[in-house]
Amino acid sequence: MKIHARGHENVRATHAKTLEITGDQDITPRATCVIGVGAAFDGQELALLRGPVAVRLSAGPHVATGTAVVNPLHAVTDRLVLRRSDHASPDTFAVRSTLVASALDPEFVAALADPANEVTLTLTEAGPRQPLVLVNRRDQPEPQGRPGLLWRAADASVDLDASRVPDDARTALAEGGVVAAVASGSLEGVSQAAGAWLAEAAGLGARFEVLGDATGAVPALLAAGLPVAPVIQLGRVDRRALAGSPCADLLRSASVPVVFRAPGADLGVLGEVLAGSFGERRIAVPDGRPDLGHGASWMPLPEAVETFEGDDESVFVLAPQERAAWNVDLRPLIPLLVEQGVTARTLSTVLRPFGISRRDLYDALGDGPKK
C-alpha cells in the first residue's frame, strides 16, 4: 500500500530511532522524526498488513528503502511511526525498522523540506505469512479494532460446531491467510472435524487469537496443537509458586499438559522441581514473532531455560512425561479414530507433545516396520 504526504519546510530528519509521517498540516523544527505532513491513512489497508514489510520512501528523484515488522498492537491514528526498537506503542505501525529519519542523506532531507514535493511511503508484505485463526463465540459481538477488520476481511470461515470443515479453510491455511472460526460455547465442545482441523492448523504454524480470552492459555494450547482439555491451568505464577505446593507436585506428576504464565527467567526453577526428568521434558513456548495472535513452537525444556532469560511474562505449555502419556492406554482407540476419518497425520500432531512418537502411532495402527 502507498501513503501519500508532502514535504514541509521544518523537516529536519535527524531522529536516530524513528521515522514518522503525520496527518497534521504543520510541524515545528522539534519534530525531528517527521518526514512528511498532510497524510491520510486507510485504516483497513493498514490493519490487513502483517509480518515483515519492505519499506520504500520517495520524494522527487530520491528513494530510500528498508525493512520492518508490523506491530500487532498498532492502532490507526493521525500519525504513522516506524521504530528501530521493539517498543510497540499503539501509534507505532512497525518495529525493527532499518529505515529511520537520520539514515536519509542531506539531499533527500532537502527534498523532504520542500512543500512542493510529494512524499510517498510504500509498504509491501515481504515475508511468508503465518496463517491466523481468529476464534470467537457465537453469542459474542463481532470484534472491534484491528482484530475486527481482519475478522470481516477473513479469507475463510469455519463453524467449529459443524461436522465438516470447508475446503477454503484449508486453502487459507496453506496460503497463510486469515480464518474466522466461531463456536457456540467452550472449545472443549467443538466437533471432531473441527478439533482435527485446529490441530492441523497448528501443525502448519498457525497463530491463534481467541477473542475475549484474558489469560492467553487457550490460544497457547491451540498453537501448541493441543485440545483445550484435559489440561491443568496454573494461571499466573512466579519462581516461588512453581517451586512450592501444589504447583511443583502437579508439574512432576501430571499426565496431561500443564499451562501457566510466568517470567521467562523463572523457568530455571523447573530444573530443581523436575529433577531427573528435567532433561526429558518438552515445553511449548511463544515463537517470538511480533504478530497478532499466539504462535508456539516445541523445544526441550533445558533449551527453553537457556532461551528465555528475561523478566517478560509468557504463556508456556509443559508436556507430561513420556511414560505418563500412556497411563491411560490410548492405542486401542487409534484405529477407531482413523476409521472415523481422523488422519494419521493429525493424530501424530496431536499426540506428539505427549511423548507419543510417529513410530508409536504406526505401531498402534499395525503399520510399524516389520522385523
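Just so it is clear, none of the values below were taken in a lab; they were calculated from the coordinates. Values in this document were obtained by computation on a predicted structure and should not be read as measured data. Cβ: placed from backbone, ideal geometry, glycine included. Neighbour counts: every protein chain shown.
In table form, for the structure just shown:
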| quantity | calculated |
| --- | --- |
| Share antiparallel - DSSP beta bridges, the chain, percent rounded to 5 | 65 |
| P(r) of the range 24-121 over all Cα-Cα pairs, binned every 10 Å from zero, in whole percent | 15, 49, 33, 3 |
| Test item: Cα-centred dipole of the range 128-212, Lys/Arg +1 and Asp/Glu -1 on Cβ, debye | 200 |
| The range 227-265-the range 54-88 distance, computed between alpha-carbon centres (Å) | 39 |
| J(HN,Hα) series, the range 55-71, from Karplus relation 6.51 cos²θ - 1.76 cosθ + 1.60, nearest Hz, glycine and proline x | 10, 10, 10, 9, 7, x, x, 9, 9, 9, 10, x, 9, 7, 10, 4, 6 |
| Percent RCO, i.e. relative contact order, over the chain, from Cα pairs under 8 Å lying at least 6 residues apart | 13 |
| Which of LEU48, THR92, VAL305, positive extreme of dipole for the chain (C-beta unit charges) | VAL305 |
| Qualifying GluC sites (Glu not before Pro) for the range 158-204 [loop in DSSP, other Cβ within 10 Å: at most 14] | GLU175 |
| Mean ellipticity per residue at 222 nm, deg cm²/dmol - from DSSP H runs of n ≥ 4 across the chain, formula -39500 (n - 2.57) | -6500 deg cm²/dmol |
| For the range 217-325: relative contact order, % (alpha-carbon pairs under 8 angstrom, 6 or more apart) | 34 |
